[in-house]
Every structure is written in structure tokens, then in C-alpha cells.
Amino acid sequence: MAPKEIRWGILATGGIAETFTKDLLVDPATRNVHNVKHTVVAAASSSSVSRAQEFLKTVGAPSSAQAYGSYEELVKDDNIDIVYVATPHSHHYQNVMLCLEAGKNVLCEKAFTVNAAQAKKLVETARQKNLFLMEAVWTRYFPLSIYVRDAITSGKLGSVLRVSADNSTGMVPEETFNTEHRMVNPDLAGGVLLDMGIYSLTWVFQTLYTTQDPKTRKPPHVVSSMQRYPVTGADELTTMLLTFPRDAENGGDMHAIASAGFRTSNNIDSKGTAGPAVRIQGTKGEMQVWPPIFRPTRTRLILADGTTEDKTWAQPGPGQGSGWYNGFGSKKNAEGEGHGMFWEADEAATALLEGRKEGKYESLDESLVIMEVMDEVRKQNGLKYPEKIETTERITL
Ligand SMILES: NC(=O)c1ccc[n+]([C@@H]2O[C@H](COP(=O)([O-])OP(=O)(O)OC[C@H]3O[C@@H](n4cnc5c(N)ncnc54)[C@H](OP(=O)(O)O)[C@@H]3O)[C@@H](O)[C@H]2O)c1
């Protein structure tokens, strides 16, 4: 059967919008996906039509793609099947609500929203309007993540008792970001918890929560510590200790440590010698995942029976000699190597084909539980953002 075409509208023209849209336009057959084909029919910039035009040109969108100088115009475009929202997370609630109110399906970048109340309203609205909504936690859709979850659900690791996951960048924030930058600016919900800690929580949740029976699993209890970035007051080092309740006959409670930091590093010498940044420990073995944990390409399975399995996970794409490049920010991937964002796009498109309203590997209810954990961590450490970005009122930011 010929692949079904899914028509995307891109809302925002920043760094990740560019990476995602380039990946979107890679032929899905290069990764053995044959049911869907993605096209970009429109993009919008909040600043100007010319910025949207420039963006469409940079990503290599078809010349027929429409450029808009406002998000309000984009969501009125009848040719769009689904909108990808790639504004800073401070703006997700207002931007996603705009899409849903206009009857559009949405794939929204992480962190889903600033707080759980906002996420809840979006989920309620999507359900009322029978629209598809998914948090774009791309890592969950990697074949590597599917392999790790399978190692747990198949019982290979025995009863999993503990997971640790760290996402750290090893940078000096004073030298890397000005105070307006979304990574440290409280007006844009800056800080390591919402931007980077979400990946540590992703690994903890997709191993200890997603793999449990949805009918009986329970949200975790959390205690946490946070250190603030003195320049803006955003968090720069956040550490969470989570306890996931589980019945005694299934192995009892599970523990996790999820952490994120600017100044700490997962890859201190840039040679990959620092070891794994995720460890999933069970009674029969351990699974390790090498950093960066948002785009991992290497795993090691170590079993108590002496088995060791090392795997590397390629990022498919148009390949060498194609003259095509992707990457994020100043980091360029090898020629023809995809970034890995297409797998979540394939899932969103497949869900539309099948009439599903949520992503397969992270339900909306799970996104809500994770937002509630991040709310609790912020509450424990007194981190509040300005009311205009915490509100569930519909306002113009
Ligand atoms: N999945 C991943 O690997 C990944 C990586 C990086 C970031 N992200 C997520 O993606 C989102 C965007 O991150 P980014 O790195 O792409 O940010 P960015 O480069 O700063 O781009 C954000 C874009 O949002 C639009 N925007 C609208 N109002 C804005 C405002 N008040 N301030 C700044 N920008 C505004 C702008 O585009 P126009 O005005 O042209 O519309 C801007 O270019 C964040 O939620 C982040 O957590 C995900």
C-alpha cells in the first residue's frame, strides 16, 4: 500500500523546530517505515512572514509550503493535519490551546507545560474535541528505548529495583547564556528541571512506570534538592529521589535517582570515557545507557549469568554522499545521519492514521504524572515562575 501523507504545520522557527523539520523531511523508507510520508505544508513565526519563509528555505520544505507571520494564521490553515509546537515551554500552554481551539491535532515539545494544571487543561480540551495530543519526548520512540523497555518487560533483568539517570551538560552557564536565554530566564520557564531533568525523569518513568500495568501502577513519592543559578534564580542543579510503589509479590517498591545539572558533566573529557548515564538494576542484571541520554546511541546489558551485550544504535538518514546534514545548534551530525526526531513524528502520524488520540509509548496520563512530580519538586524547593506563565487563563504572552 502507498504511504499515507500526513501534512505538518510548524509553529515556531527556533533551534529544535529546524532540527525536527529537517528530520521530518527525510524519506521514512530510510528507516524502514512504509505506512506514512510526512510533508510540511506551512510554518509560522511570531516575528514576521519573512522569518517563516527563511525557515522553510533552510529546512528544504517544498516551495508550495505556506509561510505565516503569526501563529493565529497558521492554525486556520485547512491543509494542516497536525501542528508541531516548538516554542519555549513557557509558551506551550497558550500555543497548544490555540491549536486545539482551532481543531488541530498537536505534537508539543517537552516540557509539556510549565505545570500540571496547564497540562491537565490541554488534555481535557483535546479529549473534549477528540483531537490527537502528544508530548514530544522523542527519546521514548527510539528503537534503543524499545529494546531497553523490552529487556525489563521480558524479565531479562529480573525484578528491577533501582534506576539512576543523569542529564548534565558540563558547561559554565555564565559563559554560555545571557540572562534572556530560555535555559536560564524565569520568564521562559528556564532552569535544568524543566529542560534537562525531564529526560532523567523520562528514563526513570519509561523503565519503572511505563513498563508496569497501567491499571495498577501508582505515581511515585519524591524528595528533592535544588541549587539556584545566582544570576537569574532558575535552578542549575536538581536531584530527585523517587520511590515507585509496587506490591511485595512483584518485588516491592522501586527506587530511582533522577538528576540534572549545568556544571556537572556526563562526558567530562568529551571522549565518552565517563561511562553510562543511565543504570537500570534488577535482580538478574543491569542495563546501561551511555550519554547523552536524550539522544543515546549505545547500550550495555550485563547479566548475572556472565552475559554481556554491547550495542550501538545508528541514526538512519539519507546516508553518506547525500550532502544532507542535520544536528542541533552548533553541533553537526555526520553527513547523511538523521537526528532521531523522525521516530516520534512517525508515531504521531501513525496514530492519526489509526485514529488514536495519544502517543503509544507515553500516555497523556503519564505526561500528567510527570508534570505533577516536577510541580512537587519545585514546591519542595520554592521555585515559582511568574504568574503569567503559570496561569491556566487564556492570555497573550
Ligand atoms: N527535543 C529536543 O531535543 C529539544 C531540544 C531543544 C529544545 N527543545 C524544546 O523545544 C522548545 C524550544 O526550544 P529551542 O531550543 O528551539 O528554543 P529557541 O531556539 O529559542 O526557539 C524558540 C522559538 O520560539 C519562538 N518564540 C515565540 N515566542 C518566543 C519568546 N517569547 N521567546 C523566545 N522564543 C519565542 C521563536 O520562533 P518564532 O518567533 O520565529 O516563531 C523562537 O525561535 C523548548 O520547549 C525546549 O525545551 C527540545
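Here is how the numbers come out for the structure above:
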{"quantity": "Counted charge near GLY317, where neighbours are those whose Cβ lies closer than 11 Å (Asp, Glu -1; Lys, Arg +1)", "calculated": "-2"}
{"quantity": "Stokes-Einstein D for the stretch 211-307, Kirkwood Rh over Cα pairs, 10 °C, 1.306 mPa s (µm²/s)", "calculated": "99"}
{"quantity": "Among 355-367, 185-197, 9-21, the order from most to least packed when residues are scored by Cβ within 10 Å on average", "calculated": "185-197, 9-21, 355-367"}
{"quantity": "Sequence ranges 82-94, 228-240, ranked by mean other-Cβ count within 10 angstrom, highest first", "calculated": "82-94, 228-240"}
{"quantity": "Restraint check, LYS284/LYS311; LYS57/LYS332; LYS22/LYS271, Cα-Cα greater than 22 Å", "calculated": "LYS22/LYS271"}
{"quantity": "Counting all C-alpha pairs of the stretch 143-310, share separated by more than 26 Å (%)", "calculated": "33"}
{"quantity": "Residue exposure sequence - TYR325, TYR209 - by fewest surrounding Cβ within 10 Å", "calculated": "TYR325, TYR209"}
{"quantity": "Cβ-based exposure ranking for SER265, SER154, SER64, in which fewest neighbours within 10 Å come first", "calculated": "SER154, SER64, SER265"}
{"quantity": "Relative packing of peptides 45-55, 289-299, 246-256 - highest average C-beta neighbours within 10 Å first", "calculated": "289-299, 45-55, 246-256"}
{"quantity": "Sequence-distant lysines (8 or more away, or on other chains) whose Cα lies within less than 23 Å of LYS129", "calculated": "LYS76, LYS104, LYS110, LYS120, LYS121, LYS357, LYS360"}
{"quantity": "The chain: antiparallel DSSP beta bridges as a percent of all, rounded to 5", "calculated": "55"}
{"quantity": "Approximate spin-label separation ASP187-LYS331, in nm, with each point projected 7 Å along Cα-to-Cβ", "calculated": "2.8"}
{"quantity": "Computed E for ARG263/THR396 - FRET, C-beta separation, R0 35 angstrom, nearest 0.05", "calculated": "0.45"}
{"quantity": "Spin-label zone in the stretch 189-222 - amide nitrogen under 15 Å from a point set 7 Å from the Cα of ARG127 along the C-beta vector", "calculated": "215"}
{"quantity": "Length released on extending from LYS379 to ARG51, taking residue separation times 0.36 nm less the Cα-Cα span", "calculated": "114.2 nm"}
{"quantity": "The chain - convex hull of alpha carbons, volume per residue in Å³", "calculated": "146"}
{"quantity": "Net charge contributed by nearby residues that have their C-beta within less than 14 Å of LEU157 (K/R +1, D/E -1)", "calculated": "+2"}
{"quantity": "The stretch 143-310 - percent relative contact order, Cα under 8 Å, separation 6 or more", "calculated": "30"}
{"quantity": "Cα-centred dipole magnitude for the chain, charges only on beta-carbon of K, R (+1) and D, E (-1), debye, nearest 20", "calculated": "360"}
{"quantity": "Net +/- balance of residues flanking LYS284 in space, Cβ distance below 11 Å, scoring K and R +1, D and E -1", "calculated": "-1"}
{"quantity": "The stretch 4-138, relative contact order [Cα under 8 Å, separation at least 6], %", "calculated": "23"}
{"quantity": "Chain lengthening between SER64 and THR211 when straightened (0.36 nm per residue, less Cα-Cα)", "calculated": "48.6 nm"}
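Readers should treat all values here as calculations from the given coordinates under stated rules, not as data from a laboratory. Remember, it's a predicted structure, so these values are computed and weren't measured experimentally. Reconstructed Cβ throughout: ideal geometry from the backbone, glycine too, with neighbour counts over all protein chains shown.
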